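The values are calculated or read from the model by the stated rules, or taken from the named source; none is laboratory data. If you're wondering where the values come from, they're calculated on a predicted model, not measured in any experiment. Backbone-built Cβ (ideal geometry, glycine too); neighbour counts: all protein chains shown. Note: areas computed on protein heavy atoms with side chains; ligands, DNA, RNA excluded. Shrake-Rupley method; radii C 1.70, N 1.55, O 1.52, S 1.80 Å.
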Amino acid sequence: MNTQVNIQTRNGLDLIQMGQTVEALKNDPGLAQFEFRARNEWVDGGENRSAIRGFYGAGAEDESRHEDFVFTNGEPPILLGNNEGANPVEFLLHALAGCVTTTTVLHAAARGITIRKLSTRLSGNINLEGLLALNDEAVAGYENIRILMDIEADCSDEELDDLLSFARDHSPVCNTVCRPVPVTLERV
């Protein structure tokens, strides 16, 4: 008896599992509600560390992670740090790149598009006058962000343009950055 399982994949994603997940969410929309969490602790100067492990999703607390993912935030010397790690606005670019990439790959697979190559370069402009409260007109965050994506896929240019537009609009990180999101800061 042949016990080999034939798993259909596209772009590294299990298409059967993808279909089952989508069907489960259609049948029970409550399963789509997720809560992600991070903890952060200041170390010294501009250095602090975030730990990420648990999250709630698909109707239950996730138990698949047995260790924290730890990220060190730092600053370059010109911003009073010692290059302990990437700074938070650089991590935002990392999160945006990762989310747009994953969203593109996921929706390409769902559309039957095979991606052969995908890489991105991101850059953004910040005026530190906003952070330092030196100019009331200066924004305290990115003024703009550019994503340059180099992608090769087995589809037409029109299909690729439509996919990238869709991915931009449906990437959770991109969507969060592109619209006002209520953020509360409370002392505990």
| field | Environment charge at Glu47 (Cβ cut-off 9 Å; Lys +1, Arg +1, Asp -1, Glu -1) | value | -2
| the range 28-158, relative contact order [Cα under 8 Å, separation at least 6], % | 15 percent
| task | Could you work out the Rg to Rh ratio of the chain, with Rh taken as the Kirkwood radius (inverse of the mean 1/r over all Cα pairs)? | result | 1.02
| task | Could you grab the relative contact order for the range 5-63? Cα pairs under 8 Å, six or more apart, rounded to a whole percent. | result | 25 percent
| task | Compute the acute angle (0 to 90°) between the alpha-carbon long axis of helix 15-27 and the principal axis of greatest extent of the alpha-carbon atoms of the chain; round to the nearest 10°. | result | 80 degrees
| Label points 7 Å out from Cα along the Cβ direction at Leu80 and Ala110: separation in nm? | 4.4 nm
| request: Report, in deg cm²/dmol and to the nearest 500, the calculated mean residue ellipticity at 222 nm for the chain, where each DSSP H run with n ≥ 4 adds -39500 (n - 2.57) and the sum is divided by the residue count. | output: -10000 deg cm²/dmol
| said: Quick check for you: with a 1.4 Å probe and neighbouring chains kept, what is the accessible area per residue of the chain, in Å²? | reply: 73 Å²
| What is the helix-to-structure angle for 88-110, meaning the angle in degrees between its Cα long axis and the longest Cα principal axis of the chain, kept from 0 to 90 and rounded to the nearest 10? | 10 degrees
| remark: Two pseudo-spin positions, 7 Å from Cα along C-beta at Glu143 and at Glu158, lie apart in nanometres by 3.8 nm
| request: Any chance you could give the angle, 0 to 90 degrees and rounded to 10, that helix 157-170 forms with the longest Cα principal axis of the chain? | output: 60 degrees
| Alpha-carbon centroid distance for the pair the range 35-52 / the range 71-88, whole angstrom | 13 Å
| task | Between beta-carbons, use under 15 Å as the cut-off and find the net charge around Ile113, counting Lys and Arg +1, Asp and Glu -1. | result | -3
| task | Grab the Cα-Cα distance for Val188 and Ile52, subtract it from 0.36 nm times how many residues apart they are, and report the gain in nm with one decimal. | result | 47.0 nm
| task | Between beta-carbons, use under 15 Å as the cut-off and find the net charge around Thr176, counting Lys and Arg +1, Asp and Glu -1. | result | 0
| message | Taking amide H atoms as placed 1.01 Å from N in the peptide plane, list the residues 5 or more away in sequence, or in a different chain, whose amide H sits under 5 Å from that of Asn87. | response | Gly74
